[in-house]
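Visitor: Take a look at the following structure, please.
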Amino acid sequence: MKLFIAAVRRDLQAQLRRPAELLNPLIFFIIVISLFPLGIGPSREALSLVAPGLLWVAALLATLMSMDLIFRSDFDDGSLEQMLVSAMPLPVILLAKITAHWLLVGLPLVLVTPLLALLLYVDARGMVAMTLSILLVSPTLSLIGSVGAALTVGLPRGGLLVAILVLPIYVPVLILATAMVATGLAGGDYTGHIYWLMAILFLSLGLAPVASAAGIRISLED
Amino acid sequence: MLLVNSVKQFVTRRLPDALHRLGSPRLFFETSGRWLPWLLALSVGLLLLGAIWALLFAPADYQQGHSVRIMYIHVPAAILAQSGYLMMAVAATVFLVWRIKLADIAMQSAAALGISITFLALVTGAIWGKPTWGTWWVWDARLTSTLVLFFLYIGMIALRAAMAHRAGVGRACAVLALVGLVNLPIIKYSVDWWYTLHQPASFSLSRAPTMPLEMWLPLLVMVLAYYLFFFTAWIMRIRQLILVREKDTDWVRQWLASL
């Protein structure tokens, strides 16, 4: 556990050296959301109707854009190879990297969500549900995305490929999360959705680091 | 105890032995070459039989009229779209565990065939949807999960294309196939739960048929014919890829010279 925290801390420090790259997904999220009112029109009803879907799809895309960051620099400078031969099991190291990535990319998305929901005329109830759903699901997004990133890290330009590999797998969480927000907007009880999203989170917590480790091993062999 | 030992021996010794023997590309090529004419004749024959029966002799539906005949093309394709992914994932597992080159080739071929059959299912579904539902496309549960399945196949093919000249390409695709396999039921259930308009599955071997026997029998023939055709096409594609991959070996040169 101590080693795990040390690994997380190391990753946070390494990533924080390049703050501009970390801000990009967040800025992307904000800009995309502000473009929608320009495209759809400023009508309050129309915007609040489509807001959950818009926020969710934009959050998915922002997470995907950041996926390239998660292993890229460690791959380029060879640290990933060191991690492969270290005594700590590779899935645990990768879980530390995913945690650091979520703290730096996922969490800011969660924090900015209420503000963006406000821009799309979502009421207070919907805002709570929206923020809660992003808080619950963004770790899952990072976990699943890490598998795609691990498989493509050896390729010179893997960015768009990761999207093709990972987006279909995001479908269930997208459906559940938007359903949760819709229920919240209607004033219903969404505890059931929370349980489901937690179940998927724990499932991916167990499986994704192992699959990522397999992907990293394959990418490093070439 | 005896049973446990013999099971253990089967899993650790016999099964890998058999797989490795059959997994030799050359042996597979030669053996399958002998089966292929029979398989081809049988599957084309069965397809013709099923198609003629279904399109000319099966009764028209009292509500849908003759457009119900699209079912005989569409339903087997939709069934096979999913089992194609399963077969690909089985090949992926065999490749990951025993590193048999042939399994990698089988996985690659299954992806190509699977995506074609999924496309067929989507297109025939749209054509059938127009007269029955009055629209080419609805965001209904089963249509949507088939579409997602199509995207999963695209991912497999895109990853293989992107990594084409790397040593790890087979294993990377195998990992992706297994990740997709874990997700397939989750996608299916979440989409089902999301919205459903589609009729419940009307073709099943384990339940009493919900359609008259005159329609169920030709459908059964068509499903069998599709499976057989899939296997035949699979073997043909595997043979072709074996030739491409082993083109510098002596036995391929000899085989080519003997043509």
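Visitor: Once you have a ≥ b ≥ c as the square roots of the Cα gyration tensor eigenvalues for segment A:50-119, tell me rounded if a/c is under 1.5, and otherwise prolate or oblate according to whether a/b is larger than b/c.
Guide: Working: a/c = 3.60, a/b = 2.81, b/c = 1.28.
Cα axes put segment A:50-119 in the prolate bin.
Visitor: Over segment A:2-221, what number does the Rg to Rh ratio reach, with both radii from the alpha-carbon atoms and Rh per Kirkwood?
Guide: Values: Rg = 17.7 Å, Rh = 17.9 Å.
In segment A:2-221, Rg relative to Rh is 0.99.
Visitor: Quick one: angle between helix B:71-98 and the longest Cα principal axis of chain B, in degrees between 0 and 90, rounded to 10, please.
Guide: Rounded to the nearest ten degrees, it is 20.
Visitor: Any idea what % of Cα-Cα pairs in the protein assembly as shown are farther than 43 Å? Walk me through the numbers on the way to the answer.
Guide: Working: 29567 of 115440 pairs.
Of all Cα-Cα distances in the protein assembly as shown, 26 percent exceed 43 Å.
Visitor: Another question about this same structure. Above 34 angstrom, tally the Cα pairs of chain B and express them as a % of all pairs, no decimals. Mind dumping the intermediate values first?
Guide: Numbers: 9459 of 33411 pairs.
The proportion of pairs with Cα distances above 34 Å equals 28 percent.
Visitor: Under a plain spin-label model, where a point goes 7 Å from the Cα along Cα-to-Cβ, how far apart in nm are B:VAL97 and B:TRP136?
Guide: Roughly 4.4 nm, to one decimal.
Visitor: What does the average come to when, for each residue of peptide A:161-168, you count the partner chain Cβ atoms lying within 10 Å of its Cβ? Walk me through the numbers on the way to the answer.
Guide: Values: counts 6, 2, 2, 9, 12, 3, 3, 13.
Counting other chains' Cβ atoms within 10 Å and averaging over A:161-168 gives 6.
Visitor: Turning to a different aspect of this structure: Quick one: Debye curve from the C-alpha atoms of segment B:19-154, no solvent, what's log10 I(q)/I(0) at q = 0.13, 0.21 Å⁻¹?
Guide: Computed log10 I(q)/I(0) values: -0.72, -1.23.
Visitor: So, one more: Suppose every K and R has +1 on its Cβ and every D and E has -1 on its Cβ; what is the size of the dipole of chain A about the Cα centre, in Debye to the nearest 20?
Guide: 300 debye
Values quoted throughout were computed directly from the atomic coordinates according to the rules given, and no laboratory measurement underlies them. Model, not experiment: these values are computed from the prediction. Reconstructed Cβ throughout: ideal geometry from the backbone, glycine too, with neighbour counts over all protein chains shown.
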